[in-house]
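To keep things clear, I will list the structure first and then write my remarks on it.
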């Protein structure tokens, strides 16, 4: 995968994180209880942090595209969808079983970080 789709995805998910953060702070402030707002904020925080990781993967892909970086990018996107997406749903009142999806997203985040580490280690050896 080239860097362009990774960078475009990072930019779009970053914009979405800002929109969702503002939506939570303004539109949902009076509609949700404090616990639900905290869940929403956690989703936004993790989305934005991993958008930055995705951005880093895209920039690395420009310099040294390899399967590990591509895997990391896909894992970060999957993590955002599964982890943050399930938290957004829970904050809005989804059934509790949706919370079972959240750890899958966390595992995807971890896999993405490990893939970046693998890529860096392999690059250092060459």
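A short reminder: the numbers here are calculations on the coordinates, not readings from a lab. Here the structure is a predicted model, which means the values were calculated and not measured. Cβ coordinates were reconstructed from backbone atoms using ideal geometry, including for glycine residues, and neighbour counts include every protein chain displayed.
Only one of the listed residues (87, 59, 55) is in contact (Cβ under 8 Å) with a residue 24 or more places away in the chain and surrounded by 21 or more Cβ atoms within 10 Å (Cβ to Cβ). That residue is 87.
Which helices (runs of 4 or more DSSP H) sit wholly inside segment 1-108 and have at least 3 residues that are more than 16 Å from the chain's Cα centre (by Cα) and over 20 Å from residue 120 (Cβ atoms)? Don't jump to the end; show me each part of the working.
Details: elements: 3-26, 34-64, 67-79, 85-91.
Here the list reads 3-26, 34-64.
From the list 47, 41, which one is closer than 20 Å to residue 108 by Cβ and touching a helix residue (DSSP H, G or I) at 6+ places or on another chain (Cβ under 9 Å)? Result of the check over 47, 41: 47. Among the residues of segment 25-52, those that are surrounded by 15 or more Cβ atoms within 10 Å (Cβ to Cβ) and farther than 17 Å from residue 82 by Cβ comprise 28, 32, 36, 37, 41.
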